[in-house]
Amino acid sequence: MRLGFEHSYSALPSRFYARVNPTTVADPQVVIFNTRLAEDLGLESNVVEREAAAMLSGNRLPDDANPIAMAYAGHQFGTFVPRLGDGRAILLGELKGRDGILRDLQLKGAGLTPFSRDGDGRAAVGPMLREYLISEAMHALSVPTTRSLAVVTTGERVFREDALPGAVLTRVAASHVRVGTFQYFAARGDQDALRELLDYVIARHYPEARDADVPALAVLTAVTQRQVALVADWMLVGFIHGVMNTDNMALSGETIDYGPCAFMDDYDPNTVFSSIDHNGRYAYANQPAIAQWNLARFAETLLLLIDPDPEKAVSLATEVVQPFIARFDARILEGMRRKIGLSSAMEGDADLIKRLLATMQYSHADFALTFRRLALAAQDPGELPELRGLFAATSDIDGWLRNWQERLECDPQTIAERVASMRAVNPTVVPRNHRVEAALNAAESGDYSPFHRLLGILQRPYDDQPEVGDYSLPPQPSERVLQTFCGT
């Protein structure tokens, strides 16, 4: 069976990857298959789904697959590791979708590769379903992200703290080229490889850079712009990536790697969920600064491609990376204006938003629920008591609401326009940690119905879903999930 794969990455020199076949598994069974995504990829979904157990477990690959594990390096929690690579993921090829865009098809948890180091190359069903669930939820939230085509259980156990059911995820991505891919070759002083990789990224993602005066600088600029937008999108929905290493920054501008990620319940800019982030490096509020730091590491790999004069190259790259925080601040302010119902800009808006966030933090108010109830209150003042109920009695939420309503009077939108706009950016439901963990715990015991129910709800995040109202609510104290794990 052929899927129509192209192989632009494996056409690069052999030092960019290792050729490796997936390790076969005992008893593959499809847990979930993304029919709509398959169709978007130009596949015959009914045919692929029928063959998915064997094909997407790695037992019987498509005839036109060319399996490889990609080489890359990366800074992990600030420490450089010169050789990482796909330790349990195997790229089968690229598919041109109905929109004409080329996308990678990768099996995650497919077995040992030359980059596995001390790992077993395998994945447990919980983390693979977690990535499926959250990546598809992020897509529904309109946040740029890799996608998930399928999860197939293997009929084998993998050993972490306990013995767990094994699984393979099929990940779909605009590409898997990372900041760490460039770092891999820069660490080896391989300028020829860096030049070829830059040409590849230009052809794949930034064709407009080809005609720029300095193509490498144009790519750095474009990647920076996409990361400004991406991190702002994360923070506007309360998302914390949790492991923003340079090998987890995709040059396509998509969110990649959903290991210890989580969504905030109570608003606190210092929130950390990842069990391995002991010092809070990747806390919610730190994400813009970390993104800028990662981009500086990317810029370092491009310096000789920007200009042969080292001082000039550093100066040009700095001009691109240094304004990141200012651009992010402008982007997040624009997004926050929409969240509180403003279509126009006035000088006091930033202060109004900061006061709301400070009041939320003081009151431990739920992030998603506050903004959704604010949208409801913009439509019907009778909803204000529900909104006030999220805040401490000693907070100044009433003073803030008065100032907000005064500001709305200066905004040109009609009430109907404002409400529609606020509803479109303030989700009713997000993948709350306690709901995700409950679904995954059930799945590990063989009951997939909570997972399928939660997935269905998360695919309509901006719709009112009265029948599933509890899913919009924060956890009770006994339900709170305070740590998330990477799954490896």
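The values are calculated or read from the model by the stated rules, or taken from the named source; none is laboratory data. Bear in mind the structure is a predicted one, so any value in this text is a computation, not a measurement. In this analysis, Cβ positions are derived from the backbone assuming ideal geometry, glycine residues included, and neighbour counts consider all displayed protein chains. Quick note on the areas: whole protein, heavy atoms, side chains included, nothing else; ligands and nucleic acids left out. Shrake-Rupley method; radii C 1.70, N 1.55, O 1.52, S 1.80 Å.
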With the first residue restricted to the stretch 372-396 and required to be without any contact (Cβ under 8 Å) to a residue 24 or more places away in the chain and open to solvent by 30 Å² or more (accessible area, probe 1.4 Å), and the second required to be assigned to a helix (DSSP H, G or I) and aliphatic (A, V, I, L, M), Cβ contacts under 7 Å at 6 or more apart or on different chains are 373/387; 383/376; 383/377; 388/397
Given the conditions (1) under 20 Å from residue 128 (Cβ atoms); (2) buried (at least 19 other Cβ atoms within 10 Å of the Cβ), which single one is not true for residue 9? (1)
Quick one: which of 53, 38 is closer than 28 Å to residue 440 by Cβ, in contact with a helix residue (DSSP H, G or I) (Cβ under 8 Å, 6 or more places away or on another chain), in a helix (DSSP H, G or I) and not β-branched (Val, Ile, Thr)? 38
How many of the residues making up the stretch 47-91 are closer than 30 Å to residue 188 by Cα, more than 20 Å from the chain's Cα centre (by Cα) and either at pLDDT below 95 or open to solvent by 50 Å² or more (accessible area, probe 1.4 Å) (or both)? 4
Tally time: how many residues in the stretch 399-448 are in a helix (DSSP H, G or I) and open to solvent by 70 Å² or more (accessible area, probe 1.4 Å)? 7
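Yes or no: residue 25 at pLDDT below 95 and among the aliphatic types (A, V, I, L, M)?
no
Would you confirm, using the coordinates I've provided, whether residue 285 is part of a helix (DSSP H, G or I), surrounded by fewer than 16 Cβ atoms within 10 Å (Cβ to Cβ) and touching a Pro at 6+ places or on another chain (Cβ under 6 Å)? Steps first, answer last, please.
Values: part of a helix (DSSP H, G or I): yes; surrounded by fewer than 16 Cβ atoms within 10 Å (Cβ to Cβ): yes; touching a Pro at 6+ places or on another chain (Cβ under 6 Å): yes.
Here the answer is yes, as residue 285 does meet what is asked.
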Looking only at the stretch 340-358, count every residue that is assigned to a helix (DSSP H, G or I) and open to solvent by 20 Å² or more (accessible area, probe 1.4 Å) and tell me the total. 6
Condition first: open to solvent by less than 10 Å² (accessible area, probe 1.4 Å), at pLDDT 95 or above and of a type in the set (S, T, N, Q). Can you find one or more residues in the stretch 104-126 that meet it? yes
For a quick check of your reading of the model, give me the residue pairs whose first member lies in the stretch 193-216 and is touching a residue at least 40 places away in the same chain (Cβ under 8 Å) and among the hydroxyl-bearing types (Ser, Thr, Tyr), whose second is open to solvent by less than 20 Å² (accessible area, probe 1.4 Å) and in a helix (DSSP H, G or I), with beta-carbon atoms closer than 9 Å and at least 6 apart or on different chains. 200/16
Within the stretch 12-28, work out how many residues are in contact with a Gly (Cβ under 7 Å, 6 or more places away or on another chain), of a type outside the set (D, E, K, R) and exposed (fewer than 14 other Cβ atoms within 10 Å of the Cβ). 1
Which residues, counting only those in the stretch 359-371, are in contact (Cβ under 8 Å) with a residue 40 or more places away in the chain and either in contact with a helix residue (DSSP H, G or I) (Cβ under 9 Å, 6 or more places away or on another chain) or in a helix (DSSP H, G or I) (or both)? 359, 360, 361, 365, 366, 367, 368, 369, 370, 371
Filter the stretch 129-157 down to the residues that are part of a helix (DSSP H, G or I) and open to solvent by less than 20 Å² (accessible area, probe 1.4 Å) and list them by number. 129, 130, 131, 132, 133, 134, 135, 136, 137, 138
Quick test of your reading of the structure: residue 318 fulfils all but one of (1) out of contact with any Asp or Glu (no Cβ under 9 Å at 6 or more places or on another chain); (2) more than 23 Å from residue 357 (Cα to Cα); (3) open to solvent by 30 Å² or more (accessible area, probe 1.4 Å); (4) touching a residue at least 60 places away in the same chain (Cβ under 8 Å). Name the failing condition by number. (4)
Between 219, 243, 228, which is assigned to a loop (DSSP other than H, G, I, E, B), open to solvent by less than 30 Å² (accessible area, probe 1.4 Å), hydrophobic (A, V, I, L, M, F, W, C) and within 27 Å of residue 103 (Cβ to Cβ)? 243
Restricting the search to the stretch 177-192, which residues are of a type outside the set (A, V, I, L, M) and either within 18 Å of residue 69 (Cβ to Cβ) or free of Cβ contacts under 8 Å to residues at least 24 places away in the same chain (or both)? 178, 180, 181, 182, 183, 184, 185, 188, 189, 192
Taking the stated definitions as given, is residue 294 assigned to a helix (DSSP H, G or I), crowded, with 21+ Cβ neighbours inside 10 Å and out of contact with any Lys or Arg (no Cβ under 6 Å at 6 or more places or on another chain)? yes
I'd like to verify a number: residues in the stretch 449-467 that are out of contact with any Pro (no Cβ under 6 Å at 6 or more places or on another chain), more than 29 Å from residue 29 (Cβ to Cβ) and assigned to a loop (DSSP other than H, G, I, E, B), how many? 3
When the stretch 164-203 is examined, which residues are found to be buried (at least 19 other Cβ atoms within 10 Å of the Cβ) and among the charged types (D, E, K, R)? 171, 178
Any residue in the stretch 92-99 that is part of a loop (DSSP other than H, G, I, E, B), within 30 Å of residue 186 (Cα to Cα) and either in contact (Cβ under 8 Å) with a residue 60 or more places away in the chain or acidic (Asp, Glu) (or both)? no
